[in-house]
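What follows is a single structure, and I will ask about it in a moment.
The values are calculated or read from the model by the stated rules, or taken from the named source; none is laboratory data. Quantities reported herein were computed from a predicted structural model and do not represent experimental measurements. Glycine also receives a Cβ, built like all others from the backbone with ideal geometry; neighbour counts cover every protein chain displayed. Just so you know, the surface numbers come from the protein's heavy atoms only, side chains and all, with ligands and any DNA or RNA stripped out. Shrake-Rupley method; radii C 1.70, N 1.55, O 1.52, S 1.80 Å.
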Amino acid sequence: QVQLVESGGGLVQAGGSLRLSCAASGRTFSMYAMGWFRQAPGKEREFVAAIDWSGASTYHADFVKGRFTISRDNANNTVWLRMNSLKPEDTAVYYCAAARKVVVTPGGYDYWGQGTQVTVSS
């Protein structure tokens, strides 16, 4: 069992930045690949970024490349999502999730956090 808790969301103006964190507890964190997803009202949950167990390999959705960066700190059981140049279209609930391997679909993940709201004003 893995418990995940996101934090760092909030209200920010377009062009601003936020840094989201996901704190993990329970089963060994370093054994899992981690992903970030987001879901806007009335929309399907979509892939944002993922990182393998070691942090050596990262993957980012095309629409966030150059703006968002995923990273992890296994010593502190934490995964991060740095978000720069935010747009109103980025407004959503952001979720972190744990998987046995890197995948880009929600169904491939075994554990989920409760989500943190990100709102970008124009």
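What number of residues within region 102-120 satisfy the criterion of being open to solvent by 40 Å² or more (accessible area, probe 1.4 Å) and either part of a strand (DSSP E or B) or more than 13 Å from A49 (Cα to Cα) (or both)?
Going through region 102-120, the residues open to solvent by 40 Å² or more (accessible area, probe 1.4 Å) turn out to be 102, 104-107, 110-112, 114, 117, 119.
Then drop every residue that is not either part of a strand (DSSP E or B) or more than 13 Å from A49 (Cα to Cα) (or both), which leaves 107, 110-112, 114, 117, 119.
Number of matching residues: 7.
For region 80-101, which residues satisfy the criterion of being in a strand (DSSP E or B) and either open to solvent by less than 80 Å² (accessible area, probe 1.4 Å) or aromatic (F, W, Y) (or both)? Before the answer, list the steps.
Residues of region 80-101 in a strand (DSSP E or B): 80-83, 92-99.
Listed by number, the residues that qualify are W80, L81, M83, A92, V93, Y94, Y95, C96, A97, A98, A99.
Of all residues in region 70-122, which are among the basic types (K, R) and free of Cβ contacts under 8 Å to residues at least 60 places away in the same chain?
Restricting attention to region 70-122, the residues satisfying the condition of being among the basic types (K, R) are 72, 82, 87, 100-101.
Of everything in region 70-122, just one residue is among the basic types (K, R) and free of Cβ contacts under 8 Å to residues at least 60 places away in the same chain, namely R72.
So is S17 over 21 Å from M83 (Cα atoms) and open to solvent by 20 Å² or more (accessible area, probe 1.4 Å) or not? Write out each step before concluding.
Working: over 21 Å from M83 (Cα atoms): no; open to solvent by 20 Å² or more (accessible area, probe 1.4 Å): yes.
No, not satisfied.
When you scan region 34-67, how many residues do you find that are among the hydrophobic types (A, V, I, L, M, F, W, C), touching a Ser or Thr at 6+ places or on another chain (Cβ under 9 Å) and either more than 19 Å from W112 (Cβ to Cβ) or open to solvent by less than 60 Å² (accessible area, probe 1.4 Å) (or both)?
Matching residues across region 34-67 total 5.
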